[in-house]
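K.L.:
One structure is given below, represented as structure tokens, and several questions about it will come after.
The values are calculated or read from the model by the stated rules, or taken from the named source; none is laboratory data. Note that the coordinates shown come from a computational prediction; the quantities given were computed from them, not determined experimentally. Backbone-built Cβ (ideal geometry, glycine too); neighbour counts: all protein chains shown.
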Amino acid sequence: MYYSITGKVVFYEEGRLVLENNGIGYDLGVSANTLAKFAKKSEIVTAYTYLHVQEDALRLFGFATKEEKAMFINLISISGVGPKIALQILSGIDLQRLAICIVNSDVKTLAKVKGIGRKTAERIILELKEKIDLESSEDDSFFGLIGTGVEIKDDTSSDAVLALVSLGISKTEAVKAVASARQKSSKLEDIITIALRSFDR
């Protein structure tokens, strides 16, 4: 219903931001990371939005990037993880680090996020990793990209591609970006960072 909203920041507080567009103030639930990027009154910003529908309420959430929005949607698809917990996670850990935790099954790091216990961390990693693996297995060209001449052969690059896919980036775009970034670094975190910078989002 709402893909994004561009407006002036007129109010903000922890977990909340109000954008004014054409005389209408949109009250958005936001993570600490998004708030840090947007928290300057009178600035014009674009928030990528998600309308969460419940039986007794409608709640609009805003994100500084498409990748954060995609991760939020992935998180709330997990049983027992609602919008409040999803925002806690996105506020308590860097988005790239979260993607790496999922790919590497790093329960310990994710469990350190405030309000997230070990069992919840294990469930998040298990379900999201299965979801990513399922999506990648449905595309025969995922790691070979038939016809493009781009190949992803090593484990580090494969993990980087899966991390980008978890952030809502298409498999084709992810493979190409990682193949290019891999030429500049061999470290997983650096590859992801470089690949993300290649997208004009």
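K.L.:
I need every pair where a residue in segment 181-201 that is assigned by TED's automatic domain parsing to the domain that holds D159 and closer than 17 Å to D159 by Cβ has its Cβ under 6 Å from the Cβ of a residue that is surrounded by 12 or more Cβ atoms within 10 Å (Cβ to Cβ) and of a type in the set (D, E), sequence separation at least 6 or different chains.
P.N.:
Final answer for the pair search is L188/D159.
K.L.:
Just give me the residues in segment 1-38 being farther than 20 Å from K84 by Cβ, part of a loop (DSSP other than H, G, I, E, B) and among the hydrophobic types (A, V, I, L, M, F, W, C), in sequence order.
P.N.:
M1, the sole residue that qualifies.
K.L.:
Please enumerate the residues belonging to segment 178-199 that are closer than 18 Å to A70 by Cα and buried (at least 19 other Cβ atoms within 10 Å of the Cβ).
P.N.:
I192, A195, L196
K.L.:
Kindly indicate which of A64, A47 is surrounded by 18 or more Cβ atoms within 10 Å (Cβ to Cβ), of a type in the set (G, A, S), touching a residue at least 40 places away in the same chain (Cβ under 8 Å) and out of contact with any Asp or Glu (no Cβ under 7 Å at 6 or more places or on another chain). Working first, answer last.
P.N.:
On the way: A64 fails: touching a residue at least 40 places away in the same chain (Cβ under 8 Å).
Exactly one residue qualifies, and that residue is A47.
K.L.:
When segment 172-193 is examined, which residues are found to be hydroxyl-bearing (S, T, Y) and outside any helix (DSSP H, G or I)?
P.N.:
Just the residues of segment 172-193 that are hydroxyl-bearing (S, T, Y), to begin with: 172, 180, 185-186, 193.
Within segment 172-193, S185, S186 meet the criteria.
K.L.:
If F61 satisfies every condition in (1) in a loop (DSSP other than H, G, I, E, B); (2) modelled with pLDDT of 95 or more but one, which is the exception?
P.N.:
Only one criterion in (1) in a loop (DSSP other than H, G, I, E, B); (2) modelled with pLDDT of 95 or more is unmet by F61, namely (1).
K.L.:
Out of curiosity, is I85 among the aliphatic types (A, V, I, L, M), touching a residue at least 24 places away in the same chain (Cβ under 8 Å) and closer than 19 Å to A163 by Cβ? Give the steps one after another, and end with the answer.
P.N.:
Values: among the aliphatic types (A, V, I, L, M): yes; touching a residue at least 24 places away in the same chain (Cβ under 8 Å): yes; closer than 19 Å to A163 by Cβ: no.
No.
K.L.:
Moving to a separate point now. Within segment 21-72, restricting attention to residues that are among the small types (G, A, S) and within 21 Å of S166 (Cα to Cα), which residue is nearest to the chain's Cα centre (by Cα)? First the steps, then the outcome.
P.N.:
Just the residues of segment 21-72 that are among the small types (G, A, S), to begin with: 23, 25, 29, 31-32, 36, 39, 42, 47, 57, 62, 64, 70.
Right, trim to within 21 Å of S166 (Cα to Cα) and you get 31-32, 47, 62, 64, 70.
Numbers: S31: 11, A32: 14, A47: 14, G62: 12, A64: 10, A70: 5 Å.
Only one residue fits best here, namely A70.
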